[in-house]
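Written below as structure tokens is the structure these notes are about.
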Amino acid sequence: MIARLLSPFALLLAAAAPAQQSLPTEQPVVAVPVAGDVHPALWRVADEDTTIYLFGTIHLLPQGLNWFQGPLAETFAEADELVTEIPEIDPQNSQAVLLKRGILPAGQSLRDQMSPKERTKFEQTLASFGLPPAAFDRFKPWYAAVVLSTLPLQRSGYSLANGVEADLARRNAALGRPRIGLETLDYQLALFDAFKPKIQRRYLFEVIAALPQIDKEVSEMVEAWRVGDAAKLATLMNAEQDDPAMVAALLTNRNKAWAQWIKTRLERPGVVFVAVGAGHLGGKGSVQDQLHALGVKSARVQ
């Protein structure tokens, strides 16, 4: 179903940042137990004078995962630049993009677009997180869905601040190296905004239906990522893809574009560390599959 395709880790966009602010502070936050070695998957693409490392990220993580070690830390230190899905943006620009893509037209309300049964279910879900019924009235369904999908995770101890991108960004800034984005925030949010309202509402209520199981599903994703099981992680993140248009827009087309970027980047010398959502680097149609179709080989490093 759509909610699985758009799981918080597979395609959680920068719009999730306001979700942290939406979580009531009185909600108890518990530590997520993590044990064992951490060695997430890492790939290498190279020619005579260029090396590009591909690392699959998890956007929210609990504390205590010491993943920055071994070959991963060594290759990151070797790189000349960091490439992520979007470049670093300031909060003011982020807010402007959100207002552009996530706010309903004047005079419209999210709850007014729901049937009485849907509205009751929606309001009950908000109440379970201590949120007022009108919390998302001004927002489009896709934004409400993304925010709601993060709330139980934050309550369980997951955080964007502990996520891979945040950690890599801090380390890269400390080294004074450039960071660029494969896409823009506006482009990413526009992918969601482009879906018809009916599809967005369907996504919202699939997310709501999946909330009771989200901790379990996310724990399975983190475990697969922790041990470097890229195939299982891709299956968990991208399972039950029943809407070809959404799969193409949110996954396949982006993988193709990123693969073309990587092939073009090989024309210039240097060492590049590319960090994108782990769901893009496993399973059928992955970035590696798209590279292979372009005649570019990739090899597993870790």
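Where in the stretch 46-60 does the label zone of Arg268 land, with the point 7 angstrom along Cα→C-beta and an amide N cut-off under 14 Å?
Answer for the stretch 46-60: 50-52.
Pairs of alpha-carbon atoms within less than 8 angstrom and 6+ residues apart define the contacts here; what relative contact order does the stretch 86-230 have, in percent?
On the way: 96 pairs, mean separation 53.9, N = 145.
Result for the stretch 86-230 is 37 percent.
So if R0 is 22 Å, what FRET efficiency would Thr184 and Ala248 give, r being the distance between their Cβ atoms, rounded to the nearest 0.05? Before the final figure, lay out the partial values.
Numbers: r = 19 Å, r/R0 = 0.88.
For R0 = 22 Å, the calculated efficiency reads 0.70.
Based on the Cβ-Cβ distance of Ser109 and Lys297, what FRET efficiency does E = 1/(1 + (r/R0)^6) give at R0 = 35 Å, to the nearest 0.05? Walk me through the intermediate numbers first.
Details: r = 52 Å, r/R0 = 1.49.
Calculated transfer efficiency: 0.10.
Taking a ≥ b ≥ c as the square roots of the Cα gyration tensor eigenvalues, with a/c under 1.5 meaning rounded and otherwise prolate when a/b beats b/c, else oblate, which class fits the stretch 86-181? Don't skip to the answer; put the middle values down first.
Working: a/c = 3.90, a/b = 1.81, b/c = 2.15.
It comes out oblate by the Cα gyration axes.
Based only on the alpha carbon positions, what is the Kirkwood hydrodynamic radius of the stretch 193-299, in angstrom? Walk me through the numbers before you get to the answer.
On the way: mean 1/r = 0.0640 Å⁻¹.
Computed over the stretch 193-299, the radius equals 15.6 Å.
Just check the stretch 157-213 against the gyration tensor rule for me: Cα atoms, a ≥ b ≥ c as the square roots of the eigenvalues, rounded for a/c under 1.5, and otherwise prolate or oblate depending on whether a/b exceeds b/c. Show your work: numbers first, answer last.
On the way: a/c = 6.39, a/b = 1.69, b/c = 3.79.
Verdict is oblate for the stretch 157-213.
Counting only residues 5 or more places away or on other chains, whose amide H sits under 5 Å from the amide H of Gly228 once H atoms are built in the peptide plane?
His39, Ala41
So if each residue of separation counts as 0.36 nm, and I subtract the Cα-Cα distance between Glu223 and Asp193, what length gain in nm does that give?
Numbers: separation 30, 0.36 × 30 = 10.80 nm, distance 3.14 nm.
Using 0.36 nm per residue and subtracting the Cα-Cα distance, I get 7.7 nm.
Kindly write out, for the stretch 211-220 in residue order, the coupling ³J(HN,Hα) from the Karplus curve 6.51 cos²θ - 1.76 cosθ + 1.60 (θ = phi - 60°), rounded to whole Hz, with x marking Gly and Pro.
For the stretch 211-220, the Karplus-derived couplings read 4, x, 9, 5, 4, 5, 5, 5, 4, 5 Hz, x marking Gly and Pro.
With θ set to phi - 60°, apply the Karplus curve 6.51 cos²θ - 1.76 cosθ + 1.60 along the stretch 290-298 and write out the HN-Hα couplings as whole Hz, x wherever there is a Gly or Pro.
3J(HN,Hα) across the stretch 290-298, in whole Hz: 5, 5, 4, 5, 8, x, 10, 8, 10.
One quarter of the convex hull surface, Cα atoms only: what value does that give for the stretch 40-126 in nm²? If you can, show how the numbers build up before the last one.
Working: hull surface 42.1 nm².
One quarter of the hull surface, i.e. the mean projection, equals 10.5 nm².
Taking all pairs of different Cα atoms in the stretch 82-142, averaging 1/r and flipping that mean, what Kirkwood radius in angstroms comes out?
On the way: mean 1/r = 0.0736 Å⁻¹.
By the Kirkwood definition, the hydrodynamic radius is 13.6 Å.
Distance check, please: which entries in Lys198/Lys232; Lys196/Lys232; Lys100/Lys256; Lys196/Lys256; Lys100/Lys140 exceed 19 angstrom between their Cα atoms? Intermediate results must be reported in sequence, preceding the final value.
Values: Lys198/Lys232 31 Å; Lys196/Lys232 31 Å; Lys100/Lys256 27 Å; Lys196/Lys256 24 Å; Lys100/Lys140 11 Å.
The pairs that break the limit, which is 19 Å between Cα atoms, are Lys198/Lys232; Lys196/Lys232; Lys100/Lys256; Lys196/Lys256.
Tabulate in residue order the Karplus-calculated ³J(HN,Hα) for the stretch 243-251, using 6.51 cos²θ - 1.76 cosθ + 1.60 with θ = phi - 60°, rounded to whole Hz; enter x for Gly and Pro.
10, x, 5, 5, 4, 5, 5, 8, 10
Hey, if you drop one equal point scatterer on each alpha-carbon of the chain and run the Debye formula without solvent, what base-10 log of I(q)/I(0) do you get at q = 0.07, 0.08 Å⁻¹?
-0.26, -0.34
Report, ordered by chain and residue number, the aspartates and glutamates lying within cross-link reach of Lys117, taken as a straight Cα distance under 17 Å and ignoring same-chain residues fewer than 8 apart.
Counting by Cα, and skipping residues close in sequence, Lys117 has these aspartates and glutamates nearby: Asp137, Glu206.
Every number in this text was worked out from the coordinates using simple rules, so none of it is lab data. Model, not experiment: these values are computed from the prediction. Cβ atoms come from the backbone with ideal geometry, glycine included; neighbour counts cover every protein chain shown.
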